[in-house]
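Here the structure is laid out as structure tokens; the discussion comes afterwards.
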Amino acid sequence: MSKIYDFTDDELKISIKNIGLSTRAKHSLLTYNINTLRDLIKAIESTGLNNIRNMGKTSIAEVMKKLEEMQTRTWRENHAKLREFENKTAEIKAEIAKHYEEIAKLNNCLAQIEKIQNL
């Protein structure tokens, strides 16, 4: 990987779908099988973006500007916060699922108690 772009291994795994590109630029890259930030950097370093269908000067400038933006401290901090939020959300969803299971068990017990009382 080039020294021009300074991304962590974790950042290189980010999907092209999640970096905030326009629909045209994103679709062009995905159609060309560029799915992650790593794929994008490899494409830029090997063949460039000029040969990708529908990637005109405006789309190329947009991609290059986004790469520059992504290397800033603010973007990285925001990305780290987003990942932390996503992890916390997953934990909360798992906890809620456990509570739903417990409620279902309690409802089942109550139904059995009512059945016994009606005998």
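The values are calculated or read from the model by the stated rules, or taken from the named source; none is laboratory data. Note that the structure is a prediction, hence the values are computed from the model and not measured. In this analysis, Cβ positions are derived from the backbone assuming ideal geometry, glycine residues included, and neighbour counts consider all displayed protein chains.
Looking at this structure, is residue 118 on the phi < 0 side of the Ramachandran plot and loosely packed, with under 10 Cβ neighbours inside 10 Å?
On the way: on the phi < 0 side of the Ramachandran plot: yes; loosely packed, with under 10 Cβ neighbours inside 10 Å: yes.
Judged against the criteria, residue 118 is a match.
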Of these, 44, 19, 34, 14, which one is on the phi < 0 side of the Ramachandran plot and in contact with a strand residue (DSSP E or B) (Cβ under 7 Å, 6 or more places away or on another chain)?
14
Residue under question is residue 67, and the condition is that it be assigned to a helix (DSSP H, G or I), within 18 Å of residue 25 (Cβ to Cβ) and of a type outside the set (Asp, Glu); does it hold?
yes
Given the criterion under 16 Å from the mean Cα position of the chain (by Cα) and either outside the structural domain of residue 8 (by TED's automatic domain parsing) or in contact (Cβ under 8 Å) with a residue 24 or more places away in the chain (or both), identify the matching residue among 111, 104, 80, 94.
80
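Going by the conditions given, is residue 99 touching a residue at least 24 places away in the same chain (Cβ under 8 Å), of a type outside the set (Val, Ile, Thr) and not assigned by TED's automatic domain parsing to the domain that holds residue 27? Let's see the steps before the verdict.
Values: touching a residue at least 24 places away in the same chain (Cβ under 8 Å): no; of a type outside the set (Val, Ile, Thr): yes; not assigned by TED's automatic domain parsing to the domain that holds residue 27: yes.
No: the conditions fail for residue 99.
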